[in-house]
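Student: The structure that follows is given in the form of structure tokens.
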Amino acid sequence: YDNDYIKIGQSYFDHAEYCVGNVRVDSSNSSSRHTAFVKYCEYLWRDTVVMIYVTSTLCIISNIFLLALFAYVVVENGHKIFGAMTLSIILNLFVCYLSTTVAKLTASTQHTSIKAGEPKSSCIAGAFVIQFSYLSVVFWLNAMCFDVWSNFHSMRVREQLSAQQYGKLNGFKHPKFKWYALFGWGIPL
């Protein structure tokens, strides 16, 4: 049917309850006929609850702690380049977990609705956001590792920076930050 339901016997099944495979077209007669293997997918409610609701709840809890960590880093280390890089990682993790939560909670209605074999544009956009933010976390961690190595490989004493002297978010103004941002966001993009 056009609404992605299938009728087998006297029962109707939603698009999330069946899988179609091995579709063949038999056009030996004057009318073409399609044959397909249809499998009924019976998911245990427990698996659905764990995959959708428990995972989404844990992502929401993680986002609450990420917001608290974001505020702490702004106050304590926002004036340093390392703090700015940490804030970038926290922001990317927040976006990744938020997008994952939205995708999981809307999966049964929005993201699995497939028409003519193509997923909805919102599903594709959500996938790109999740992929980009997760890759950005990895590249920002790599940039932080390089920054730590470049600062400590020769072990020399440097002047201590204070937040009162330079401002809370001056780490973003550091000359190296634009290069790290190009690496951390540019390559995943």
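The values are calculated or read from the model by the stated rules, or taken from the named source; none is laboratory data. Owing to the predicted nature of the structure, the values given are computational and were not obtained by experimental measurement. So basically every Cβ, Gly included, is an ideal-geometry build from the backbone, and we count neighbours across all protein chains shown. Side chains are part of the model used for accessible areas, which takes the heavy atoms of the whole protein and leaves out ligands, DNA and RNA. Shrake-Rupley method; radii C 1.70, N 1.55, O 1.52, S 1.80 Å.
Student: Tell me which lysines have Cα within less than 24 Å of residue 104's Cα, excluding those fewer than 8 residues away on the same chain?
Tutor: Straight-line reach from residue 104, under 24 Å: 39, 115, 120.
Student: Related question: Using per-residue counts of other Cβ atoms within 10 Å, averaged over each peptide, order 129-139, 168-178, 90-100 from highest down. Mind showing how you got there, number by number?
Tutor: Values: 129-139: 17.9, 168-178: 15.7, 90-100: 20.0.
For the peptides 129-139, 168-178, 90-100, the packing ranking is 90-100, 129-139, 168-178.
Student: Still on this model: Taking all protein chains together and a probe of 1.4 Å, list 147, 4 from the most accessible to the least accessible.
Tutor: On the way: 147 5, 4 40 Å².
Descending accessible area places them as 4, 147.
Student: Relative to the present Cα-Cα distance, how much length would full extension add between residue 24 and residue 149 at 0.36 nm per residue of separation? Can you show the working numbers first?
Tutor: On the way: separation 125, 0.36 × 125 = 45.00 nm, distance 5.91 nm.
Full-extension gain reported as 39.1 nm.
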